[in-house]
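To keep things clear, I will list the structure first and then write my remarks on it.
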Amino acid sequence: MGQAEIMDVAYDAIWTLLKVTTPLMLIALGVGLVIALMQALTQIQEMTLTFVPKILVIFIALLVLLPFMMTEMTELMNRMVDHFIGLPN
């Protein structure tokens, strides 16, 4: 296995990682921004108010996005297996 093949596998793995994690990160960013805006408007500075809604929304989003995430990870594994099987000994 040469350097080019290793770079292809690493690029594919990193790209899949970004596709799988980006939706959750954007949802967490949006919820955090909304909560921070509400705290600034109401002047309520309770630290637990930030974490509990964000954890709940991320958990719900994880349940909704789990089929997409599983599909992406399965496709990555299939591509890697096909790539490694196709390599000459």
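The values are calculated or read from the model by the stated rules, or taken from the named source; none is laboratory data. Treat the numbers as computed from the prediction; the structure is a model and nothing was measured. FYI the Cβ positions are ideal-geometry reconstructions off the backbone, even for glycines, and counts take in every protein chain you see.
For the stretch 22-49, the set of residues classified as surrounded by 12 or more Cβ atoms within 10 Å (Cβ to Cβ) and of a type outside the set (A, V, I, L, M) consists of P23, G30, G32, Q39, listed by residue number. Kindly indicate whether L18 is in contact with a Pro (Cβ under 7 Å, 6 or more places away or on another chain), part of a helix (DSSP H, G or I), among the hydrophobic types (A, V, I, L, M, F, W, C) and at negative phi. For L18, the condition - in contact with a Pro (Cβ under 7 Å, 6 or more places away or on another chain), part of a helix (DSSP H, G or I), among the hydrophobic types (A, V, I, L, M, F, W, C) and at negative phi - is not met.
Can you name the residue in the stretch 60-89 that is within 19 Å of the chain's Cα centre (by Cα) and loosely packed, with under 10 Cβ neighbours inside 10 Å and is also nearest to G2 (Cα to Cα) among such residues?
Within the stretch 60-89, the first condition is being within 19 Å of the chain's Cα centre (by Cα), and the residues that meet it are 60-77.
Remaining after also requiring loosely packed, with under 10 Cβ neighbours inside 10 Å: 63, 67.
Numbers: L63: 39, P67: 34 Å.
Among those residues, the one meeting the criterion is P67.
If you go through the stretch 22-47 and pick out every residue that is closer than 12 Å to A61 by Cα and in contact (Cβ under 8 Å) with a residue 12 or more places away in the chain, you end up with 5.
Any residue that is within 30 Å of I85 (Cα to Cα), assigned to a helix (DSSP H, G or I), more than 14 Å from the chain's Cα centre (by Cα) and of a type in the set (D, E) - is there at least one of those in the stretch 6-13?
Yes: the stretch 6-13 contains one or more residues that are within 30 Å of I85 (Cα to Cα), assigned to a helix (DSSP H, G or I), more than 14 Å from the chain's Cα centre (by Cα) and of a type in the set (D, E).
Of all residues being more than 30 Å from V9 (Cα to Cα) and either of a type in the set (K, R) or part of a loop (DSSP other than H, G, I, E, B) (or both) in the stretch 35-82, which is modelled with the highest pLDDT? Just the residue, please. Checked the stretch 35-82; the qualifying residue modelled with the highest pLDDT is K54.
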